[in-house]
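Reviewing the structure listed below.
The values are calculated or read from the model by the stated rules, or taken from the named source; none is laboratory data. From a predicted model like this one, the values you see are computed outputs, not experimental measurements. Cβ coordinates were reconstructed from backbone atoms using ideal geometry, including for glycine residues, and neighbour counts include every protein chain displayed. For accessibility, only protein heavy atoms count, side chains too; no ligands or nucleic acids. Shrake-Rupley method; radii C 1.70, N 1.55, O 1.52, S 1.80 Å.
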Amino acid sequence: MEERLSTTLKVQRAMRDLTQADLADMVGVTRKSINAIEAGRMVPSTVLALKLAQVLGTRVEELFRLEPAGD
């Protein structure tokens with residue numbers, strides 16, 4: 001069964017009143033990378049996922065989860 005990565009990154013970021021550029025600067029990536037992760041076009045590395053969770057003060061499992069891919 002295929003699975004896809006679902007993310008609450010955009011919601012978590014907005015709850016903290018951060019722009020994509022703000023968050024990107026905080027974790028050392030480009031704004032385009034944050035945009036791609038939020039849009040589901042990019043799967044972050046383990047290191048980046050951990051950095052995002054740390055900066056946002058949450059757990060990786062709150063930011064990302066696997067869901068069955070829609071057909």
**Prompt:** Within region 7-20, which residues are of a type outside the set (Ser, Thr, Tyr) and open to solvent by 40 Å² or more (accessible area, probe 1.4 Å)?
**Reply:** 10, 11, 14, 15, 16, 17
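Every residue, every condition in (1) modelled with pLDDT of 95 or more; (2) of a type in the set (A, V, I, L, M, F, W, C), yes or no:
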{"site": "11", "(1), (2)": "yes, yes"}
{"site": "18", "(1), (2)": "yes, yes"}
{"site": "21", "(1), (2)": "yes, yes"}
{"site": "27", "(1), (2)": "yes, yes"}
{"site": "35", "(1), (2)": "yes, no"}
{"site": "51", "(1), (2)": "yes, no"}
{"site": "54", "(1), (2)": "yes, no"}
{"site": "63", "(1), (2)": "yes, yes"}
{"site": "66", "(1), (2)": "no, yes"}
**Prompt:** How many residues does region 1-45 hold that are of a type in the set (S, T, N, Q), more than 24 Å from residue 69 (Cβ to Cβ) and assigned to a helix (DSSP H, G or I)?
**Reply:** 1
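If you check 4, 31, 41, which single one turns out to be touching a residue at least 40 places away in the same chain (Cβ under 8 Å) and open to solvent by 60 Å² or more (accessible area, probe 1.4 Å)? Give the derivation first.
Details: 31 fails: touching a residue at least 40 places away in the same chain (Cβ under 8 Å); 41 fails: touching a residue at least 40 places away in the same chain (Cβ under 8 Å).
Selected residue: 4, the only one of 4, 31, 41 that is touching a residue at least 40 places away in the same chain (Cβ under 8 Å) and open to solvent by 60 Å² or more (accessible area, probe 1.4 Å).
Hey, among the residues in region 44-56 that are without any contact (Cβ under 8 Å) to a residue 24 or more places away in the chain and open to solvent by 40 Å² or more (accessible area, probe 1.4 Å), which one's farthest from residue 5 (Cα to Cα)? Before the answer, list the steps.
Taking region 44-56 as the starting set, the residues that turn out to be without any contact (Cβ under 8 Å) to a residue 24 or more places away in the chain are 44-50, 53-54.
Filter once more, so that each one left must be open to solvent by 40 Å² or more (accessible area, probe 1.4 Å): 45-47, 50, 54.
On the way: 45: 12, 46: 13, 47: 16, 50: 15, 54: 19 Å.
Per the criteria, the residue is 54.
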**Request:** Output the residues belonging to region 46-71 that are within 18 Å of residue 19 (Cβ to Cβ) and assigned to a helix (DSSP H, G or I).
**Result:** 48, 51, 52, 55, 56, 63
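Among the listed residues 43, 47, 29, which satisfies the condition of being in contact with a helix residue (DSSP H, G or I) (Cβ under 7 Å, 6 or more places away or on another chain) and among the hydrophobic types (A, V, I, L, M, F, W, C)?
Numbers: 43 fails: in contact with a helix residue (DSSP H, G or I) (Cβ under 7 Å, 6 or more places away or on another chain); 47 fails: in contact with a helix residue (DSSP H, G or I) (Cβ under 7 Å, 6 or more places away or on another chain).
On inspection, the qualifying residue turns out to be 29.
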**Prompt:** Looking at (1) at pLDDT below 95; (2) in contact with a strand residue (DSSP E or B) (Cβ under 7 Å, 6 or more places away or on another chain); (3) open to solvent by 70 Å² or more (accessible area, probe 1.4 Å), which is the only condition residue 71 fails?
**Reply:** (2)
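Within region 58-68, which residues are free of Cβ contacts under 8 Å to residues at least 24 places away in the same chain and open to solvent by 50 Å² or more (accessible area, probe 1.4 Å)? It would help to see each step written out before you state the result.
Here is the first cut: in region 58-68, the residues free of Cβ contacts under 8 Å to residues at least 24 places away in the same chain are 59-61.
Of everything in region 58-68, those that are free of Cβ contacts under 8 Å to residues at least 24 places away in the same chain and open to solvent by 50 Å² or more (accessible area, probe 1.4 Å) turn out to be 59, 61.
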